[in-house]
There are 2 protein chains.
Amino acid sequence: MTTATELSEKTIERLCRVYGYLDALRHRGVESVTSKELAAAAGATHDTLRKDLSVVGVTGFTRAGYPVASLKQTLGEKLNLTRTRTAALVGLGRLGTALLDYARFSENGFKITAAFDSSINKIERIRSSVDIFPVRRLKEIVGERRIELGIIAVPGESAQQVTDDLVEAGVAGILNFSPVVVHTPARIVHVDIDFTNSLRFIAARM
Amino acid sequence: MTTATELSEKTIERLCRVYGYLDALRHRGVESVTSKELAAAAGATHDTLRKDLSVVGVTGFTRAGYPVASLKQTLGEKLNLTRTRTAALVGLGRLGTALLDYARFSENGFKITAAFDSSINKIERIRSSVDIFPVRRLKEIVGERRIELGIIAVPGESAQQVTDDLVEAGVAGILNFSPVVVHTPARIVHVDIDFTNSLRFIAARM
């Protein structure tokens, strides 16, 4: 059996999109989905999607449709998405504050269990069910609580230092919203989301 | 000469990252950059990056380094990033409000010139230099002002309707932050940013 870490990045990316789509269908009470719909959700051709699914052992996939709940369950297991992952959020500016209460994270198995900011003022002012700490305690808290993921929403100039501290404290994955490219050791799984670059990518193709 | 719309998506994506990196270097007062650094910023090999640059007419690129300002200028022209684009922001929840004042958009040639929400209460409460309207006036305002881009930060259930209205009003590009897949005609350039999916993509590879 293939494990998620042996799949190609592109396959994982498409299957994660399919998984998200299945989750949305389930919430809407839809019980069956066609492979054509799944291919559209994954942004892939029907053939590519079918190959992706067969790689994780989902076969017998026909145009007639597939049961949403069981396909979601199977994909979740193959992609290691069935258990809750803990995350540390660093930076509580406007974006960070929005992420702190982003309900879709907790609804989907990602729990922010600690948040950090450099401003004591902000730490005292923000009301949240999440524990908030001064950023100088980042390594200590993330290490003690064995937090698995880091979400970075600090300004560009502090992003690399925060990344280094998260890595040293033992996180295995980083989602970086700061507008700079941060560097991580190869063992760390790392995704950058740069809103401005996404707009540039759109504008360049308009 | 190759125009941006004739470049492959992957090339545009990498060159947009290079452009963003050059912009960051310029802000830090760095005057020269090596091709190795640029390749790292683009997440590409040295060879791929050199090919990308040669496609847009940048040649004579050596390991010795390249002047930041002139390379940024050249790339900006090739990628059509030198003039300001107008954008409409739809949805003023926590994320939308954070985007409304996201300084990096305006610093980088993207100007939100109108924002929309369905809650009159919210429209009256939010203080911003951007004009804010009820969402029922979306098509009218976006059309009249010939706004070029739509940024969607509404809940999933309204995302497709908002997309349809933006397209009908004449935008050429859409950045979708809602957690659903929206459908657009092929002529519309469209990027989805789904935070939860990015975390899934990380978790599946951890």
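Data for the structure
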{"quantity": "Filtered trypsin sites (Lys or Arg not before Pro), segment A:101-180: DSSP coil and at most 11 other beta carbons within 10 Å", "calculated": "A:Arg127, A:Arg146"}
{"quantity": "Residue of chain B whose Cβ sits closest to the axis mapping B onto A, with distance in whole Å", "calculated": "B:Ala98, 2"}
{"quantity": "Copy-to-copy label separations for B:Ser8, where each label sits 7 Å from Cα toward Cβ, in nm and ascending", "calculated": "1.3"}
{"quantity": "Inter-copy spacing of B:Glu107 label points, which lie 7 Å from Cα along Cα→Cβ, given in nm from shortest upward", "calculated": "3.3"}
{"quantity": "Highest average packing first - A:69-76, B:188-195, A:159-166, Cβ atoms within 10 Å", "calculated": "A:159-166, B:188-195, A:69-76"}
{"quantity": "Solvent exposure, largest accessible area first (probe 1.4 Å, DNA, RNA and ligands not counted), of B:Ser35, B:Ser128, A:Ser32", "calculated": "A:Ser32, B:Ser128, B:Ser35"}
{"quantity": "Largest-first ordering by accessible area, 1.4 Å probe, given options A:Glu13, A:Glu148, B:Glu157, B:Glu77", "calculated": "B:Glu157, B:Glu77, A:Glu13, A:Glu148"}
{"quantity": "C-alpha long axis of helix A:9-27 to longest principal axis of chain A, angle in °", "calculated": "80 degrees"}
{"quantity": "Extension gain from B:Asp47 to B:Lys10, taking 0.36 nm per residue of separation minus the Cα-Cα distance", "calculated": "11.9 nm"}
{"quantity": "Solvent exposure of the protein assembly as shown as accessible area per residue, Å², 1.4 Å probe", "calculated": "46 Å²"}
{"quantity": "Alpha-carbon radius of gyration plus Dmax, which is the widest Cα pair, for chain B in Å", "calculated": "19.0, 58"}
{"quantity": "Additional length obtainable on full extension of the chain from B:Lys139 to B:Arg28, 0.36 nm per residue less Cα span", "calculated": "35.9 nm"}
{"quantity": "Shielding by partners - mean other protein chain Cβ count within 10 Å, residues of A:173-182", "calculated": "4"}
{"quantity": "Separation of alpha-carbon centers, segment B:69-121 and segment A:116-147, rounded to whole Å", "calculated": "30 Å"}
{"quantity": "Computed FRET value (nearest 0.05) for B:Ala69 with A:Ala186, which takes r as the C-beta separation and R₀ as 35 Å", "calculated": "0.60"}
{"quantity": "Translational diffusion of segment A:4-78, µm² s⁻¹ [Kirkwood Rh, Cα pairs; Stokes-Einstein; 4 °C; 1.567 mPa s]", "calculated": "108 µm²/s"}
{"quantity": "Residues B:Arg125 and A:Glu157, FRET efficiency given R0 of 30 Å [Cβ-Cβ distance, rounded to 0.05]", "calculated": "0.40"}
{"quantity": "B:His27 - accessible surface, heavy atoms, 1.4 Å probe, Å² rounded to 10", "calculated": "130 Å²"}
{"quantity": "Segment A:85-198 shape via C-alpha gyration tensor axes, a/c threshold 1.5", "calculated": "rounded"}
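The values are calculated or read from the model by the stated rules, or taken from the named source; none is laboratory data. Quick caveat, the model's predicted, so the values are computed rather than measured. Here Cβ is always computed from backbone atoms with ideal geometry, including for glycine, and neighbour counts include all displayed protein chains. Accessible surface is based on the protein model in full, side chains and every heavy atom, while ligands, DNA and RNA are left aside. Shrake-Rupley method; radii C 1.70, N 1.55, O 1.52, S 1.80 Å.
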